[in-house]
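Since the structure comes first, as structure tokens, the remarks are kept for the end.
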Amino acid sequence: MQTAVATFPPLVENAQVADPVRRFLEYVLNKREQGNPVVGVYCGYAPVEMIRAMGAVPVSLCAASQRTVPAAEAVLPANLCPMIKSSFGFIQTNSCFFFASSDAVIGETTCDGKKKMFELIAHLKPTFIMDLPQLPDDSAVLDRWRESVLKLQYFLEKTLQTSLAADRLEAEIRETNRKNRLMGRFFAYLTCRPIPVSWREIYNVITLEHVANSVEFQDLIEKISSSIDQRIALGQCFGTFSSPRVLVSGCPVGGDACKVLQIIEEAGGVIVALEACSGMKNYFIRIEENSGDPLRAVAESTLSIPCSCMTPNRRRLDLLDKMITRFQPDAVIDVVLHACHAYNVESYKIRNHIQDRHGLPCLKIETDYSDGDIEQIRTRVEALFESLETRK
């Protein structure tokens, strides 16, 4: 059986699964050449179904590189969240192609640092800040959020010189649901022991989902499934039956923060689930179809995202319960970016819930995008895996 860092032929030949970022760049460029506007977003609360229904292309803006942090620190506090500093640094250095290509930018009130950063960049692009309610159990919260989504509609219609038709929005709702079901089919392979896909491939497939319609994506998933089935038949898996299975939770993990995922793999572990919003979380959501009010259906689906900015955040505990039951991890590693106070405080509740309800160890790692703590993280992950051996 292969080690956790084994490499195999790509899941799909000529499908650019190994280089999804390049594929996404080509996709955006082609769309712009065809006259489609581009809308930059920073968070999963932005209703991408509405953006697509207007004929625009939603793109996630650059936000996960240590390279742009020094430029940001010339303006922003050094002890601010690295994601905010990196985002601002990309704009300061004019090095985010997606921001430069955007005809409009959507922000949201998920944290104070991001809100103030949006003030510093709002003069550069037409910018709309969505007022996100953060008391999900309040009986009137959905109405308030729908109103914010409706205001976004008016902003985009004016900025992009277009209009939103209810039937187009309904079609995009069905499109999202179809693609989420296809992602669920791919995620089913993560329940295998040993696991036949790597964490990089999970991220790559997630990226490719953004550049294909549901028909194209179904064809891609068919080919990927065939490749994975062939791997399983040949015994080509990542790790062994005894490799520690890890669920990674917490802040969005991408770009330079992927060092944590790399260390887990190098230490002999295998990643079977990514709870962060940059991973699998949003694909478990289904939007109500044929509701008679597609705008409200989209608002309700995005509001259900269990970000740590919500209080109380019982939905995140419920999601973790479902993911642990389905993917059967041996441990949870909760990744918290420096100065992300909401996720940092919530980590205490997450750890207690995982330990008390599931009997699993939960390791909290606080980090940023630099590489100065790599060996410290490695030591802690290796110690976690050694403790799992003693539990057997």
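So if I place +1 on the C-beta of Lys and Arg and -1 on the C-beta of Asp and Glu, and nothing else carries charge, what would the dipole magnitude of the chain be about its Cα centre? I want it in debye, nearest 20.
Dipole of the chain, to the nearest 20 debye: 240 debye.
Using only the Cα atoms of region 20-164, build the gyration tensor, take square roots of its eigenvalues as a ≥ b ≥ c, and label the shape rounded, prolate or oblate: rounded if a/c is under 1.5, else prolate if a/b is larger than b/c, else oblate.
Cα axes put region 20-164 in the oblate bin.
How do LEU25, LEU61 rank when sorted from fewest to most other Cβ atoms within 10 Å of their own Cβ?
LEU25, LEU61
In what sequence, highest mean first, do 147-160, 327-340 appear when ranked by Cβ atoms within 10 angstrom?
Packing proxy ranking, top to bottom: 327-340, 147-160.
How do the peptides 190-200, 288-298 rank, highest first, by the average count of neighbouring beta carbon atoms within 10 Å per residue?
The densest-packed peptide leads the list: 190-200, 288-298.
Give the order of MET183, MET83 when sorted by the count of other beta carbons within 10 angstrom, beginning with the fewest.
Lowest count first: MET183, MET83.
Please report how far the C-alpha centroid of region 77-107 lies from that of region 357-392, rounded to the nearest whole angstrom.
30 Å
Return the calculated 222 nm mean residue ellipticity for the chain, to the nearest 500 deg cm²/dmol, obtained by summing -39500 (n - 2.57) across DSSP H runs with n ≥ 4 and dividing by the residue count.
-15500 deg cm²/dmol
How would you rank HIS341, HIS353, HIS123, going from fewest to most other Cβ atoms within 10 Å of each one's own Cβ?
Exposure proxy ranking, most exposed first: HIS123, HIS341, HIS353.
Can you pull the Kirkwood radius for the chain, inverse mean 1/r over Cα pairs, to one decimal in Å?
21.8 Å
Name the residue farthest towards the positive end of the dipole of the chain from the options GLN355, VAL48, THR159, assuming +1 on Cβ of Lys and Arg, -1 on Cβ of Asp and Glu, about the Cα centre.
Of the candidates, GLN355 comes out farthest on the positive side.
Below 8 Å, C-alpha to C-alpha, sequence gap of six or more: please give me the relative contact order for the chain in percent.
Worked out over the chain, it gives 21 percent.
Only bridges with both residues in the chain count here: give the DSSP antiparallel percent, nearest 5.
Approximately 5 percent, going by the DSSP bridge assignments.
Only Lys, Arg, Asp and Glu count, each charged at its Cβ (+1, +1, -1, -1), so figure out the dipole size of region 20-164 about its Cα centre, rounded to 20 debye.
Computed charge dipole of region 20-164: roughly 460 debye.
Each value in this text was obtained by applying a stated rule to the coordinates, not by laboratory testing. Values in this document were obtained by computation on a predicted structure and should not be read as measured data. Cβ: placed from backbone, ideal geometry, glycine included. Neighbour counts: every protein chain shown.
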